[in-house]
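Visitor: First the structure, then my questions, so here it is.
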Amino acid sequence: MEFTYYGRHRIERRSNILTRELVTAGQLKRVPRTDNNPHGLLITNWRTLLNKDIEQKTNQYLTVEWVKEAQEIIDRYAQINSASPYLLPIIQQDDGTEQKQYHRMLENINYNLKKIGEMTGLKMPLTTYTARHTWASIARDMDIPIPIISEGMGHNSIKTTQVYLNSIDVSKINEANKKIIRKISKK
């Protein structure tokens, strides 16, 4: 019997957290059950079709200035669950489901951001990813050096940051074209 397995593997190290996409294939063969093989299956001709790193996050800490606007947000939510050890009321219970609670809240936030984007007529979906991309793009447009942007994003590689910044601002190209046309037409 042929099989193909599609999955993601999360590797947590002291220095980073890596998500790897895996696709493997092989054949299952029935064999007698034993204490060492209680299911009675043998995998043969097993091969890896894809083994690709799709996300890497560093375990680096970043210290940033605490601004008044951030404090106002914290103050607004402080009373919701004052007994919680967490800063914001995203995780409600310390019961081993914290990561699931976080991802559920992130999905909820992205769902609501997309609705807001639709209501305002945005052409692309509004998400937390869009917010990160926007922060990086604005920083680039303000001539903030890419290494500083990279550190602010929590990336361990400038190449990762350049992925965020690889889209060229069309309005700047249009403005450059107008300047060039004005320069040429004056001659």
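The rows are residues; the columns are (1) exposed (fewer than 13 other Cβ atoms within 10 Å of the Cβ); (2) out of contact with any Leu (no Cβ under 8 Å at 6 or more places or on another chain); (3) of a type outside the set (A, V, I, L, M); (4) touching a residue at least 12 places away in the same chain (Cβ under 8 Å).
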position: P89; (1), (2), (3), (4): no, yes, yes, yes
position: H103; (1), (2), (3), (4): yes, yes, yes, no
position: L106; (1), (2), (3), (4): no, yes, no, yes
position: D143; (1), (2), (3), (4): yes, yes, yes, no
position: I148; (1), (2), (3), (4): yes, yes, no, no
position: I158; (1), (2), (3), (4): no, yes, no, yes
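Visitor: Right, another one. Just one of (1) modelled with pLDDT of 85 or more; (2) out of contact with any strand residue (DSSP E or B) (no Cβ under 7 Å at 6 or more places or on another chain) trips up M1, so point out which.
Guide: For M1, the exception is condition (2).
Visitor: Sort out which residues of the range 1-46 are free of Cβ contacts under 8 Å to residues at least 24 places away in the same chain, among the polar types (S, T, N, Q) and out of contact with any Lys or Arg (no Cβ under 6 Å at 6 or more places or on another chain), and write them in order of number.
Guide: Answer for the range 1-46, where residues must be free of Cβ contacts under 8 Å to residues at least 24 places away in the same chain, among the polar types (S, T, N, Q) and out of contact with any Lys or Arg (no Cβ under 6 Å at 6 or more places or on another chain): T34, N36, N37, N45.
Visitor: Oh, and also: State all residues of the range 1-41 that are closer than 30 Å to S157 by Cα, in a loop (DSSP other than H, G, I, E, B) and not small (G, A, S); if no residue qualifies, say none. Walk me through how you get there before you give the answer.
Guide: As a first pass, look at the range 1-41 and keep what is closer than 30 Å to S157 by Cα: 6-24.
Then keep just the ones that are in a loop (DSSP other than H, G, I, E, B); that gives 13-15.
The answer is R13, R14.
Visitor: Does A139 qualify as being hydrophobic (A, V, I, L, M, F, W, C), farther than 19 Å from I17 by Cβ and over 16 Å from the mean Cα position of the chain (by Cα)?
Guide: On the way: hydrophobic (A, V, I, L, M, F, W, C): yes; farther than 19 Å from I17 by Cβ: yes; over 16 Å from the mean Cα position of the chain (by Cα): yes.
Criteria met by A139.
Visitor: Right, here's the next one. Listed residues I116, I80; which is without any contact (Cβ under 8 Å) to a residue 60 or more places away in the chain and closer than 21 Å to R132 by Cβ?
Guide: Working: I80 fails: closer than 21 Å to R132 by Cβ.
Of the residues listed, the single one that is without any contact (Cβ under 8 Å) to a residue 60 or more places away in the chain and closer than 21 Å to R132 by Cβ is I116.
Visitor: Also, quick follow-up: For the range 160-187: of the residues being loosely packed, with under 15 Cβ neighbours inside 10 Å and of a type in the set (V, I, T), which is nearest to the chain's Cα centre (by Cα)? Don't jump to the end; show me each part of the working.
Guide: Restricting attention to the range 160-187, the residues satisfying the condition of being loosely packed, with under 15 Cβ neighbours inside 10 Å are 163, 166-187.
From what's left, of a type in the set (V, I, T): 163, 168, 170, 173, 180-181, 184.
Details: V163: 12, I168: 21, V170: 25, I173: 29, I180: 39, I181: 41, I184: 45 Å.
For the range 160-187, the residue satisfying everything is V163.
Visitor: Across the range 66-82, what is the number of residues that are exposed (fewer than 10 other Cβ atoms within 10 Å of the Cβ) and either at pLDDT below 75 or under 21 Å from H9 (Cα atoms) (or both)?
Guide: Within the range 66-82, the first condition is being exposed (fewer than 10 other Cβ atoms within 10 Å of the Cβ), and the residues that meet it are 66-69, 72, 75, 79, 82.
After this cut, where a residue has to be either at pLDDT below 75 or under 21 Å from H9 (Cα atoms) (or both) as well, the list is 82.
Looking only at that region, the number is 1.
The values are calculated or read from the model by the stated rules, or taken from the named source; none is laboratory data. In this text, all values refer to a predicted model and were calculated from it rather than measured experimentally. Please note: Cβ atoms are built from the backbone with ideal geometry, for glycine as well, and neighbour counts cover all protein chains shown.
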